[in-house]
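So the structure is just underneath, and the comments pick up after that.
The values are calculated or read from the model by the stated rules, or taken from the named source; none is laboratory data. Nothing here was measured: the structure is a model prediction, and the numbers come from that model. Because the Cβ atoms are built from the backbone with ideal geometry, glycine has one as well, and the counts that use them run over all protein chains shown. For accessibility, only protein heavy atoms count, side chains too; no ligands or nucleic acids. Shrake-Rupley method; radii C 1.70, N 1.55, O 1.52, S 1.80 Å.
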Amino acid sequence: MAAPRKDNIKEKILLATAELLKTHPLAELSLADIAAAAGISKGTLYYHYKTKNEIFMELTEDFLREQWEDLIRWTENKEKDTSLERLVRYVADRDIASAGLRIQLLAEAQLGNAAMQRELSGLYGNFQGLIRQKIAERSDLPADFFTWLLLLLCDGIIVQEAIGNPAFDREKFISDGIRYLREIDR
């Protein structure tokens, strides 16, 4: 029987970590927990990843790469309405969908993890650049400002939902925001 390919092992580790993060805070996870959830030995895990940060950053990079590719495919699809309003909705929905992982990564960065801070800053910058380009293609609005506003609003939505704020209605907030944007963009 052939040994499992490295890619398959890394994929198992990443999938197991993503599952664990749905029910466990990042700070409470150990590499041993991840290895057990992936069904591999700690030695095999250490062969592929030396630290939790490496795993979490690869998870984040994979997720953002997927978001990046999906956004490009979506905006280039001539059969879809990719207007500014739809673009904002698309980005917000996709961004918020990653809430579980992102809130843990943001918390880790906020608690002083310098490597996480650097990585997230770079990833945010890259994603912001792509969204800025797509907004600029669809509007004369100041694309840099509106892109950062959109990303910051998404982070705020994630926080409000994480704390279970009963006064916050995500759908109403996004719909109102798109309506206001439409008025500004006239």
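Here are the numbers for this structure:
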| item | result |
| --- | --- |
| Every pair of residues 6+ apart whose Cβ atoms lie under 6 Å, when the first sits in region 39-67 and is in contact (Cβ under 8 Å) with a residue 12 or more places away in the chain and within 16 Å of ILE103 (Cα to Cα) while the second is open to solvent by 60 Å² or more (accessible area, probe 1.4 Å) and part of a helix (DSSP H, G or I) | MET57/GLU119 |
| Lone qualifier among ILE131, ILE178, ILE157 - being under 19 Å from TRP68 (Cβ atoms) and open to solvent by less than 80 Å² (accessible area, probe 1.4 Å) | ILE131 |
| Among the candidates GLU108, GLU119, GLU85, residue that is open to solvent by 30 Å² or more (accessible area, probe 1.4 Å), in a helix (DSSP H, G or I) and under 16 Å from ALA162 (Cα atoms) | GLU108 |
| Failed item, numbered, when ASP95 is tested on (1) of a type in the set (D, E, K, R); (2) open to solvent by less than 30 Å² (accessible area, probe 1.4 Å); (3) free of Cβ contacts under 8 Å to residues at least 12 places away in the same chain | (3) |
| Subset of region 162-175 that is in a helix (DSSP H, G or I) and at pLDDT 90 or above - its residue that is most open to solvent (accessible area, probe 1.4 Å) | LYS172 |
| Some residue of region 115-125 being in contact (Cβ under 8 Å) with a residue 12 or more places away in the chain, touching a helix residue (DSSP H, G or I) at 6+ places or on another chain (Cβ under 7 Å) and farther than 25 Å from ILE72 by Cα | yes |
